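Structure in structure tokens, see below.
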Amino acid sequence: MNDFHLDSASCLERFDVSKIGDIRFHPLLELRNEVAILKDADFSRISGRGLRPELELPIYAELGAVVSLQVTLFPKQGFCIGTTIHHVVVDGKTAEKFNKAWAHACKHGTVPKILPTVLDRSVVNVPAGLEQKMLGLLPYLTEDKENARTLKLPPVKEIFAEDNVLRTTIEMTPENIEKLKERAKKESTRTELHLSTFVVSFAHVWTCMVKARRGDPERPVRFMYAADFRDRLDPPVPVTYFGTCVLAIDFYKYKAKTFLGEDGFVNTSQLGRCMREGTKTMKWGTQLLVVNGSNQIGMYETDFGWGRPVHTETLSIYKNDEFSMSKRRDGIGGVEIGVSLKKLEMDVFLSLFYKWIGN
């Protein structure tokens, strides 16, 4: 199964090494590596989770590199590892394995037992006839054949200072998740609901986003996430597989009014039964939201020898109309949500978000 995603994901991991002596970095990959030093920057602010201007964390990804790595050193404070990986190469699950394997080799000087080294995509055993149907759902393979197989980056939203775009990271505990599940059960008229952590988190963020945007209730809305089907194939894809194994799940042909009322959350929670895979067109003015990651993927177990990261986040969420989702750093269960919005929308979003789960 070949996967030709044309976007890229930028991830940043921040490590606090203020109590450790001098650190020497050495390049491990011959893939456009860079080391930067910021002498006067406030590491504690950059590695924080509170509201911060988006432009404090600029992204430079004008070229279509397969993999780009940058280590930024904050003397006597900590360092950040920035990673940009093209989705034609890996998905979130493989990126997580890559970072953990890299950190394991640095910390222990040995090769980890589960090292993602299988590059053969024939191990993705899609049933006969299904592959072409799946690829036919992707508009950039059916409508733009000239640019289908390219590393050229797609256009993204520009960010200007006057937009006053802010980002923040929100932690949802297992108690918050359970509260949302109980709400969905209480408000739904259906007897069968699939209320996973991913579903209720996604539904909650989505409805808050639609309401924060306000505007015309008749406007079209569309939201997407990537479904991992490694374990759904027969035989399953090997754990050592290095590549992509996801399919975009696309909800469209909805209007904002479906999610603007008090029943917006439960309406989103029930959409699994009317899900559509893939889309051919997107009307002008459509409000788009894409989930980057999931509550099953996280980088907090990445330890290069100086402890776990104090914070990790996806930098490209605003430019790509996304919000990020990942495992929490501390504790079992729950989820960590990354959001980037204009200030007016952010104020409304946070007010609605905490209204239902508490502070």
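The values are calculated or read from the model by the stated rules, or taken from the named source; none is laboratory data. None of these values were measured; they are calculated from a predicted model. We place every Cβ from the backbone using ideal geometry, glycine too, and count neighbours over all the protein chains shown.
For residue 73, indicate whether it is touching a Phe, Trp or Tyr at 6+ places or on another chain (Cβ under 7 Å) and at pLDDT 65 or above. Spell out how you get there, then give the answer.
Details: touching a Phe, Trp or Tyr at 6+ places or on another chain (Cβ under 7 Å): yes; at pLDDT 65 or above: yes.
Yes.
Can you confirm whether residue 104 is in contact with a Pro (Cβ under 8 Å, 6 or more places away or on another chain), more than 30 Å from residue 351 (Cα to Cα) and at pLDDT 85 or above?
yes
Which condition breaks for residue 151 when tested against (1) under 23 Å from residue 227 (Cα atoms); (2) at pLDDT 85 or above?
Residue 151 satisfies every listed condition except (2).
If you take the residues in segment 164-217 that are farther than 21 Å from residue 313 by Cα, hydroxyl-bearing (Ser, Thr, Tyr) and not in a helix (DSSP H, G or I), which one is modelled with the highest pLDDT?
By that ranking, first place goes to 196.
For residue 94, state whether it is crowded, with 19+ Cβ neighbours inside 10 Å, of a type in the set (Ser, Thr, Tyr) and more than 22 Å from residue 227 (Cβ to Cβ). Spell out the reasoning first.
On the way: crowded, with 19+ Cβ neighbours inside 10 Å: yes; of a type in the set (Ser, Thr, Tyr): yes; more than 22 Å from residue 227 (Cβ to Cβ): no.
It is false that residue 94 is crowded, with 19+ Cβ neighbours inside 10 Å, of a type in the set (Ser, Thr, Tyr) and more than 22 Å from residue 227 (Cβ to Cβ).
Select, from 197, 189, the only residue that is surrounded by fewer than 19 Cβ atoms within 10 Å (Cβ to Cβ) and either of a type in the set (S, T, N, Q) or over 14 Å from residue 333 (Cβ atoms) (or both).
Of 197, 189, the one residue that is surrounded by fewer than 19 Cβ atoms within 10 Å (Cβ to Cβ) and either of a type in the set (S, T, N, Q) or over 14 Å from residue 333 (Cβ atoms) (or both) is 189.
Oh, and also: Being in contact with a helix residue (DSSP H, G or I) (Cβ under 9 Å, 6 or more places away or on another chain) and under 21 Å from residue 312 (Cβ atoms) is the filter here; which residues of segment 336-349 pass it?
337, 339, 340, 341, 346
If you check 124, 111, which single one turns out to be touching an Asp or Glu at 6+ places or on another chain (Cβ under 9 Å) and at pLDDT below 90?
124
Oh, and also: Name the residues in segment 88-122 that are farther than 25 Å from residue 310 by Cα and touching a strand residue (DSSP E or B) at 6+ places or on another chain (Cβ under 6 Å), would you?
Within segment 88-122, 118 is the sole residue that qualifies.
Considering segment 209-230 alone, what residues qualify as being buried (at least 18 other Cβ atoms within 10 Å of the Cβ), of a type in the set (Gly, Ala, Ser) and closer than 30 Å to residue 243 by Cβ?
226 - this is the single residue of segment 209-230 that is buried (at least 18 other Cβ atoms within 10 Å of the Cβ), of a type in the set (Gly, Ala, Ser) and closer than 30 Å to residue 243 by Cβ.
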